[in-house]
Ligand code: 3PG
């Protein structure tokens, strides 16, 4: 029997898990959950006899892939697949997919929520500022960036974007202004919302030099990946500019060194951009259906390796 393993250290909402299981078992496959595991070796063991695996930010590394004797497909229920060893998967003939767009509204809502929370001084009762009429720069105009733009416009923000991989016309039709360089984006934006993936080109790319270009009372919003931030550069900037604020969906690695700047910062305790029932249902069901489509019909839409 085809076995689908759902390995989620951070589980899907119960309602989503039930629906995912229903889809997989209706296809005649077995569905096994490994949730809230604390030892990565448990994932390696559970994957040993799996034909297909659904993960979230779980590390599908070389050990998982090489030990999984029957493995044919891994689907990352979500957008970023920097947690999958694509080289190891390709070498073993394992197809890797993501589920683009399925959790993007949830992530976008969190970005705006964190902006309001920080602009209102952590809701501590003191006088804050409003988003209306401020400029929001969207760094990468993919599914999340597009949703952030839509919601920000509802707040009355001016929205500009930088994305060399998206046609200008596709950005402009959303009423968003296109800027041609990353430097322009940062120098013109009161807020910058990051939506770049973490890869060899982008890691540490959001550095002191770039952030220094932001105007007074600027805020950087990170619902992407902590690895894209040059953390030493960010710390330097925070120490020089008490007006600069950073909010992020997951704390930086050097959080311990940032205590002195706590009023300028907000970090979620665990990555929670996609932690909504709706996002879990959308991404989880898409993942289950993609596995069935691949096993039954060889459908490789959304293959990333
Ligand atoms: C994504 O890449 O889709 C998001 O970062 C969500 O990650 P999560 O599934 O671990 O919440």
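Being under 23 Å from residue 103 (Cα atoms), surrounded by fewer than 20 Cβ atoms within 10 Å (Cβ to Cβ) and in contact (Cβ under 8 Å) with a residue 24 or more places away in the chain: is that true of residue 36 here? Yes, satisfied. Being touching a strand residue (DSSP E or B) at 6+ places or on another chain (Cβ under 8 Å) and within 16 Å of the ligand (Cβ to nearest atom) is the filter here, so list the residues in segment 222-243 that pass it. Correct list: 222, 223, 224, 226, 228, 229. The residues of segment 37-49 that are farther than 18 Å from residue 2 by Cβ and either not in a helix (DSSP H, G or I) or not assigned by TED's automatic domain parsing to the domain that holds residue 86 (or both), listed by number, are 37, 38, 39.
With respect to the conditions (1) without any contact (Cβ under 8 Å) to a residue 12 or more places away in the chain; (2) closer than 19 Å to residue 188 by Cβ; (3) surrounded by 14 or more Cβ atoms within 10 Å (Cβ to Cβ), residue 164 falls short on a single one, namely (3). Within segment 92-139, the residues that satisfy the criterion of being touching a residue at least 60 places away in the same chain (Cβ under 8 Å), within 13 Å of the ligand (Cβ to nearest atom) and in a loop (DSSP other than H, G, I, E, B) are 99, 100, 102, 103. Checking each residue in segment 167-220 for being part of a loop (DSSP other than H, G, I, E, B) and under 21 Å from residue 154 (Cβ atoms) picks out 173, 174, 175, 176, 189, 190, 195. Answer yes if at least one residue in segment 284-298 is touching a strand residue (DSSP E or B) at 6+ places or on another chain (Cβ under 6 Å) and within 15 Å of the ligand (Cβ to nearest atom), and no otherwise. The answer is yes, given that some residue of segment 284-298 is touching a strand residue (DSSP E or B) at 6+ places or on another chain (Cβ under 6 Å) and within 15 Å of the ligand (Cβ to nearest atom). Look at (1) more than 16 Å from the ligand (Cβ to nearest atom); (2) buried (at least 19 other Cβ atoms within 10 Å of the Cβ); (3) not assigned by TED's automatic domain parsing to the domain that holds residue 74 and you find that residue 248 fails only one, number (1).
Scanning segment 11-36 for residues that are more than 21 Å from the chain's Cα centre (by Cα) and not in a helix (DSSP H, G or I) yields 27, 28, 29, 30, 31, 32, 33, 34.
If you filter segment 242-251 down to residues that are over 11 Å from residue 267 (Cα atoms) and touching a residue at least 24 places away in the same chain (Cβ under 8 Å), you find that the one that is nearest to the chain's Cα centre (by Cα) is 245.
Annotation: of all residues in segment 269-283 being in a loop (DSSP other than H, G, I, E, B) and touching a residue at least 40 places away in the same chain (Cβ under 8 Å), the one that is nearest to the ligand (Cβ to nearest atom) is 274. Applying the set (1) out of contact with any strand residue (DSSP E or B) (no Cβ under 7 Å at 6 or more places or on another chain); (2) surrounded by 14 or more Cβ atoms within 10 Å (Cβ to Cβ); (3) farther than 18 Å from residue 195 by Cβ to residue 275 leaves exactly one unmet item: (3). The set of residues in segment 44-59 being buried (at least 24 other Cβ atoms within 10 Å of the Cβ) and either modelled with pLDDT under 95 or farther than 18 Å from residue 102 by Cβ (or both) consists of 47, 50. State all residues of segment 286-305 that are closer than 15 Å to residue 78 by Cβ and within 19 Å of the chain's Cα centre (by Cα); if no residue qualifies, say none. If the condition is that a residue be closer than 15 Å to residue 78 by Cβ and within 19 Å of the chain's Cα centre (by Cα), then 286, 287, 302, 304 are the ones that fit. Note on segment 50-72: among residues that are within 21 Å of the chain's Cα centre (by Cα) and outside any loop (DSSP other than H, G, I, E, B), the one that is nearest to the ligand (Cβ to nearest atom) is 55.
The values are calculated or read from the model by the stated rules, or taken from the named source; none is laboratory data. All of these numbers come straight from a predicted model, not from anything done at the bench. Glycine gets a Cβ as well: all are built from the backbone with ideal geometry, and neighbour counts include every protein chain shown.
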